[in-house]
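The values are calculated or read from the model by the stated rules, or taken from the named source; none is laboratory data. In this text, all values refer to a predicted model and were calculated from it rather than measured experimentally. Methodologically, a virtual Cβ is constructed for each residue, glycine included, from the backbone with ideal geometry; neighbour enumeration extends over all protein chains shown.
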Amino acid sequence: MKIDSPFHLSWKVSRGGYDWIRGEILKKDGLLRYAEAFPGHRPDPASQDYLAFIMRARELDPTLDSDWMLHARPLSFENKKVGSSGPLKAEPTLFRKFAQTKLSRNAIKRFAKKFGFLGVGAAIRVPGRPDNSYYAEPLTLWARELMTMQMCVDLWRNARTANEEESPRHRDRLAQYIKWRDGEVHFDYRASAQDLGKEYYLIEGRTIMKEEAQQNRLENGDVIAPAFYLLMKEIQHQLAHFAVLPVVSWNPDQQAQQALGFGFQPTNLLAGLWLQLAQAVCADVDYSKCSDCDNWFDTSRGLQGKRSDARYCSNACRSRAYRKRKEQARRCAAEGVSVEEIAQELGSSAEIVRGWLRK
């Protein structure tokens, strides 16, 4: 079933695609700044959003100036919108796709080619180019954002499964990085990835003090409730970097009052991804990947979700998958494969396969 998203974001993607280059990051008073050439992604320098970006930039690798930079190709920033409704409505589970993106320049470029920049970058000067500034996003920044989102999705998945299915395996996974000591909860999460010989690290360490644990009724020795609590704290921390505006929208496909809607407009794509995760966590939404189109869809137990064992996101995908299986069965039969072997390969019965072959 289609997931209804309350998030509105008109975003742009370069028609020319994206490339990795090395460029000199321009600095002003020792701080990174946004590119003047790309006002659509440049906050007011006096705004809290800009100050939050500066704080985040300071956490980056000290060798940032020699890092790879993702920039739009061509450098003229010719853009197109991502769908008519924006990426967050077109892809309500985009945060899952982002979390599954491999930390490599090719994988990141493929994601950007479809959905655009994250929206948190810097101004760079490209060697050999005219004396001008261009917007770019460092690989180090993408690495940190990817690994942080992967950490949160991993934390949520393990906590949710351990809580609902009483799974010892998922509880043990949580216990690897959630420890109780003297009434305090210590969270120690470490991840690393390598691209072109450079190692990228994510080391997250947080402590829930004894008084805070007691106030929030976290029981000594439990790892599930602290996992949800830590997840809440991390999402809050991420969303604090960005401004999110309430909006009243109009849907021309609806009639009169039904055309009105209430939602939220994030500052950029990265903020939208964190809002999607926040909504999924708080609404206890479960997702499955469609066996045909590979898109994620809602399989929650509520009225809006599909059955938890559903394999397809829509009737169209179910019908398309059915036709593919019939065609595959006929190809295999033409190659001399037995009915029993075809049935085993396609996960069906021999009787059904015989019916496909007779039609």
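Residue count for segment 143-200 under the criterion of being under 17 Å from the mean Cα position of the chain (by Cα), at pLDDT below 90 and under 18 Å from Ala213 (Cβ atoms): the result is 0. Scanning segment 338-348 for residues that are loosely packed, with under 13 Cβ neighbours inside 10 Å and outside any helix (DSSP H, G or I), we see that the one that is modelled with the highest pLDDT is Ser338. Put simply, of Leu245, Leu218, Leu273 the only residue that is among the aliphatic types (A, V, I, L, M) and assigned to a helix (DSSP H, G or I) is Leu273. Of all the numbered requirements in (1) among the charged types (D, E, K, R); (2) buried (at least 16 other Cβ atoms within 10 Å of the Cβ); (3) farther than 19 Å from Ala159 by Cα, Asp253 misses one, and that requirement is (2).
With respect to (1) of a type in the set (A, V, I, L, M, F, W, C); (2) touching a strand residue (DSSP E or B) at 6+ places or on another chain (Cβ under 8 Å); (3) modelled with pLDDT under 90, the lone exception for Ala90 is condition (2). Selection of segment 93-115 for residues being modelled with pLDDT under 90 and either outside any helix (DSSP H, G or I) or among the acidic types (Asp, Glu) (or both) yields Thr93, Lys102, Leu103, Ser104.
Looking only at residues in segment 256-270 that are in a strand (DSSP E or B) and not hydrophobic (A, V, I, L, M, F, W, C), the one that is surrounded by the most Cβ atoms within 10 Å (Cβ to Cβ) is Pro266. Filtering segment 136-175 to residues that are outside any helix (DSSP H, G or I) and closer than 30 Å to Tyr18 by Cα leaves Ala136, Glu137, Pro138.
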